[in-house]
Amino acid sequence: MVASACLTLAGIHALVWWRERQALGNLWFSMAALGTAGMGACEYAMMRSSSPAEFGVALQWLHVPAWVIVVSLVGFVRVFLRAGRPSLAWAVCGVRTLSLGLDLIQSPNLNYRVITGLRQVGFLGDTVSIAEGVSNPWMLVGQLSLMLLVVFAVDAMVTTWRRGERQRALVVGGSIVLFVTAGSGQSVLVLWRLVDMPLTPSLFFLGILVVMGFELSRDVLNAGRLARELAHQRSELARVHRASTLGELAASLAHELNQPLTGILGNAQAGELLLARPSPDTAELRAVLSAVIADTRRASDIIRQMRDFLCKRDAPRRAIELNALIAQVLRLVRSEAVLRDLVIVAEPAPGLPMVRGDSVQLQQVFLNLIVNAQQAMAGMPPGARRLVIRTATRDDGRIVVELEDTGPGFDAASLDRVFEAFFTTRPDGMGMGLAICRSIIESHDGLIRVGNRAEGGARVTIVLPPAAGVRSKTGADARPGEVTLPGTTPL
Amino acid sequence: MPTSTVYLIDDDLSVRQGLARLIRVAGHHVVAFASAREFLAAGPPVGPGCLVLDVRMPDVSGLELQERLAGRDDPMPIIFITGHGDIPMSVRAMKSGAVDFLPKPVDGKQLLAAIGQALARDQAVRQRRAVAADLGRKFDQLTVREREVMRGVLRGSLNKQIALELGIAEPTVKIHRGRVMEKLGVTSVADLVRLAQRAGMGPTGEEGTAGGTPDSRPPSGA
């Protein structure tokens, strides 16, 4: 029974280690479990033995799995707790090896000088054999190794406790101390004939295994929780970033809303004047009301767009037409760009393949890059502020988006740090923009690069893989050449 | 008097539709444009009118248009509207001679009042200019000698003194003087002086700029 439990545990954890070779803790654990299984088998043989010789041999062989267990426990503690003095570890293993050696060369075994006979006793509702004989003083070597193991475990426990991993220290260290001491105690009691029961060290080791197994699985559970927390925090950070970008867009929002509001007010006041006439023109009044309704809808669309942009809800991944997405972002920044005297030129490539991704996140990337360009060019004389956004398909099928501005460009000295979190060259900057952009682009299996143009100014290059199995719908009607924004007609 | 036209320039459709309707229902003739370029392309406006103009527009902004128009012969009064609400801009616009500067959403009453003011101003300017042009023509009809006599009269000289200066007889001076009065349509020296002032002449008869009165020219500097 013990054996089958141990074999199962051993099997599971061996599999875990096989999947991830880094998890040596699992390897040591499964070896310890195997050892315990072997020990159980020997104990069983002992309990079922019909002659002293059989018993002696079984007990002799028991020391082999015992050695495996001790060494595995040492290994587990070293790898899993990352603690325990190496000197002690070697001492434990050394002494245990010595005791194994002594066990194998002696007859019948390490524990008995001579086994005189067998006795049957009751144990757990069954009749089993226990030995009678003279105990072997060399067995103290074995006991010494176990004591050293306990000392080693305590040392590791203290180190781990001091490190702050209190629960783990207590559980792993404590279980080793407890069970090994108990097991040793049982052996001593049995061998010195103070109690009448079979030797069952494997039960104690099973106890250790159960505890350790529990600790190992806690890691797995934690990993899942940590991954979820990380995803949640990323999402929060992106939202905060969007909010601060909105701060920069506040002027744009106000301006955008003022347009339909002006239309509404003008129409409504015209309506008042119409009604003041002796015979009001109802056709004209109807036109007034339709215009008011249309403008109100337009205003609420603007608000909804802004709110969608801010909202935490990330859209699911779907096929996106990049040129249209960029155009949408440009509409958002248009009034702000006009305010800052910035000319933005879009050069969308016709027949651009679609990209699979999250449209809200990608919009955020482009918005951030445009705002960065705007701020970089703030010091340039008016008329010298120009941003070109170009899309193209590479030979390997991937999609390239380039943003080139006429600003001062990136500082060459800090060029390799621009993507670092919290790195910023602006006194009011948070430094998260490019880090978040890179995170988003990389999660879309793309890459983002920055550099300076030969003619001066910065260039940001984004490469994205095309969505598999989706054909571009706008190949026919995308306009080649320049489309100038802001402005309603191309120049 | 020809009807005035309100020229409305804003790049946003809602704004154009709403304000155009308001201005039209209030009784004015209104023409709307989506950009300054379109307005300029339509050629110089004929007849009296005023401009309602968004300050910042893509391409040619409202202020730029104001500057361009200022160089022309008959700049129309301008009312600025804006969605941005920035004060330095409004100060600058008002200093360049705008009639008013209104934030969006534009209050209809304020807009119509400003339009009324602007159109009245434009009418007055045109009238003065017409009168001055008319006067200018009249003065052009004077002969050289008549002009000399007139200058003498404006200086306050007696006929005798004028005769002495010009080297002609006093009765001749009197004849010329009579013809000047007749051609210019005045009956007294005081009227003559006033007329000369209106025509932009200085106190001693020197000519002002042809066809211009001081208040029809925009103040220099934007």
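Applying 0.36 nm per residue to the separation of A:Glu455 and A:Asp396 and subtracting their alpha-carbon distance, the gain on full extension is 18.5 nm. Taking a sphere under 13 Å around the Cβ of A:Pro86 and counting the other residues whose Cβ falls inside, with K and R at +1 and D and E at -1, yields a net charge of +2. Full extension of the chain between A:Arg340 and A:Glu442 gives 33.6 nm of extra length, using 0.36 nm per residue less the Cα-Cα distance. With R₀ fixed at 35 Å, the C-beta to C-beta distance from A:Arg48 to A:Val158 puts the FRET efficiency at about 0.25. Dipole of region A:114-247 (Lys/Arg Cβ +1, Asp/Glu Cβ -1, origin at the Cα centre): which of A:Ser129, A:Leu199, A:Val158 lies farthest to the positive side? Towards the positive end, the residue furthest out is A:Val158. Each residue of region A:351-365 was assigned a 3J(HN,Hα) from its phi angle through the Karplus expression (A = 6.51, B = -1.76, C = 1.60, θ = phi - 60°), giving x, 6, x, 7, 10, 8, x, 9, 5, 5, 5, 5, 4, 4, 4 Hz with x at Gly and Pro.
Inter-label distance, B:Ala190 to A:Leu140: 14.6 nm, where each label sits 7 Å from its Cα along the C-beta direction. Between A:Arg193 and B:Ala42, the modelled label-to-label distance comes to 12.4 nm, taking each label 7 Å out from Cα in the direction of the beta carbon. Here the sum of -39500 (n - 2.57) over DSSP H runs of 4 or more residues, divided by the residues of the protein assembly as shown, equals -19000 deg cm²/dmol at 222 nm, to the nearest 500.
Rounded to the nearest whole Hz, the Karplus-based 3J(HN,Hα) values (6.51 cos²θ - 1.76 cosθ + 1.60, θ = phi - 60°) of region B:142-152 follow the sequence 6, 6, 4, 4, 4, 5, 4, 4, 4, 4, x, with x at glycine and proline. Distant-in-sequence amide contacts of A:Gly133, defined by a placed amide H-H separation under 5 Å and a gap of 5 or more residues or a different chain, comprise A:Thr116. Remark on B:Asp100: its backbone amide H falls under 5 Å from those of B:Phe80, a criterion applied only to residues 5 or more positions apart or on other chains, H modelled at 1.01 Å from N. Each of B:Lys160 and A:Leu230 was given a label point 7 Å from its Cα along the Cα-to-Cβ line. The distance between the two points is 11.5 nm. Taking amide H atoms as placed 1.01 Å from N in the peptide plane, the amide H of A:Tyr112 lies under 5 Å from those of A:Asn136, each 5 or more residues away in sequence or on another chain.
Throughout, read-outs are computed from the coordinates displayed, never taken from laboratory work. Since we're looking at a predicted model, the values are computed, not measured. No Cβ is skipped: glycine too gets one built from the backbone with ideal geometry, and neighbour counts run over all protein chains shown.
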